[in-house]
Amino acid sequence: MKALTVVPLKAGTAELSDIDEPPRADGDVLVETLAVGICGTDAEILSGAYGWAPPGRERLVLGHESLGKVLGAPAGAPVSSGDFVVGIVRRPDPVPCPNCAVGEWDFCRNGQYTERGIKAHDGYLSERYRISPDYVVKVDPGLGELGVLLEPTSVVAKAWEQVDRIGARAHWDPKTAVVTGAGPVGLLAALLGVQRGLEVHVIDQMETGLKPDLVRALGGQYHTGAISDACKEPDAIIECTGVGSLVFDAIEHVGPGGVVCLTGVSSGGRTLDVDAGSLNRSMVLENESVVGSVNANRRHYEAGAEALAKADRSWLERLITRRVPLKDWSQALQREPDDVKVVVEVAR
Ligand code: BGC
């Protein structure tokens, strides 16, 4: 079967390879891949900056934002033939650490977790894949191809869960939130914020076009300036860019008792002048929290699936700005100015 593979840590090595049918060891559920979303992590892997091949192998099958249709599942599995499903990305470490032992693999403590399509385990960008029933999530068939948005939605569902859990250490009745970045993660974070009944402000650079339109269509407010001009003392900030200056802007301007959740992975190597003393002073005197959040466990996939099921289909539809057939995979990897989410269609 065909699969998009790459040699991790070597730029320019992506190719459409012929590989063996998925190994039994990957699990008892056989899935036909329908579509796979492309994200910043894939771009990093393709640029040679990130990624690990499976042990003893040179190439990794790419793809972690999946949507597929079950071709076969054992009796008693939570999915059956014909179901639309998404594969969970991370697998617990083998030790396992205390978090992986209880299904909180997104909080793996020893770094020995694996991630499909990213770290030491083949991804979903192949015509078929196998998966254990424990790591497959059913999506509302009414979503059709929009189910491919579940993986990034699971990431923001986790981020919001962190915000709520930390906020709830005292009386927590948030009213306002700022989201920095109007890419797919930022827009999905804004969707979940609006679904929580919050006044949501999204900040990005484009003055006009699809991103501002999508924010307004959600009922959110779109801004191009600084956080302090967008919203005074927001209860929560979901930072989705990883841009250092925005990270510190968020920490400086979150409201008293507020929570800043960092979801963007920065590349590093850039330094900033920061008044560490006054930052510390305001964080202490106002009980502010900053939390990093990565990946998602089953609970977050389930919350994400619920959020997508109740979202406006036509709004979700506008997030997928390009669809590229597998044979033209290289087009999916080139970023175009109006791209929000680009999807590789593996089967129709
Ligand atoms: C994925 C996460 C993953 C992270 C780090 C992100 O793009 O959505 O599931 O944990 O990359 O590898």
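The values are calculated or read from the model by the stated rules, or taken from the named source; none is laboratory data. What you are looking at is a predicted structure, and each value in this text was computed from that prediction instead of being measured. Virtual Cβ from ideal backbone geometry, glycine too; neighbours counted across all protein chains shown. The protein model used for the area step is the full one, side chains on, heavy atoms only, and it has no ligands, DNA or RNA in it. Shrake-Rupley method; radii C 1.70, N 1.55, O 1.52, S 1.80 Å.
Of note:
- Some residue of the stretch 337-344 being more than 16 Å from the ligand (Cβ to nearest atom), more than 29 Å from V136 (Cα to Cα) and in the same structural domain as R109 (by TED's automatic domain parsing): yes
Table: residues versus (1) open to solvent by less than 20 Å² (accessible area, probe 1.4 Å); (2) in a strand (DSSP E or B); (3) touching a strand residue (DSSP E or B) at 6+ places or on another chain (Cβ under 6 Å); (4) not assigned by TED's automatic domain parsing to the domain that holds A190.
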residue: N99; (1), (2), (3), (4): no, no, no, yes
residue: G103; (1), (2), (3), (4): no, no, no, yes
residue: Q112; (1), (2), (3), (4): no, no, no, yes
residue: E115; (1), (2), (3), (4): yes, yes, yes, yes
residue: Y124; (1), (2), (3), (4): yes, no, yes, yes
residue: A159; (1), (2), (3), (4): yes, no, yes, no
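- Answer from V85, V79, V89 - the residue that is among the β-branched types (V, I, T), within 15 Å of the ligand (Cβ to nearest atom) and either surrounded by fewer than 19 Cβ atoms within 10 Å (Cβ to Cβ) or modelled with pLDDT of 95 or more (or both): V89
- When S289 is tested against (1) out of contact with any Leu (no Cβ under 8 Å at 6 or more places or on another chain); (2) within 16 Å of the ligand (Cβ to nearest atom), exactly one condition is not met: (2).
- Filtered residue count, the stretch 6-45, keeping only those that are open to solvent by less than 30 Å² (accessible area, probe 1.4 Å) and outside any loop (DSSP other than H, G, I, E, B): 12
- Some residue of the stretch 201-218 being closer than 26 Å to D106 by Cβ, acidic (D, E) and surrounded by fewer than 16 Cβ atoms within 10 Å (Cβ to Cβ): no
- Evaluated against (1) open to solvent by less than 60 Å² (accessible area, probe 1.4 Å); (2) in a helix (DSSP H, G or I); (3) among the hydrophobic types (A, V, I, L, M, F, W, C); (4) out of contact with any Ser or Thr (no Cβ under 7 Å at 6 or more places or on another chain), A307 falls short on exactly one condition, (4).
- Residue within the stretch 155-172 that is within 11 Å of the ligand (Cβ to nearest atom), in contact with a Phe, Trp or Tyr (Cβ under 9 Å, 6 or more places away or on another chain) and touching a residue at least 40 places away in the same chain (Cβ under 8 Å) present: no
- Any hit, the stretch 183-191, residues being away from the ligand (no atom under 16 Å from the Cβ), in contact (Cβ under 8 Å) with a residue 24 or more places away in the chain and surrounded by 15 or more Cβ atoms within 10 Å (Cβ to Cβ): yes
- For the stretch 220-277, residues that are within 16 Å of the ligand (Cβ to nearest atom), among the aliphatic types (A, V, I, L, M) and open to solvent by less than 70 Å² (accessible area, probe 1.4 Å) total 2.
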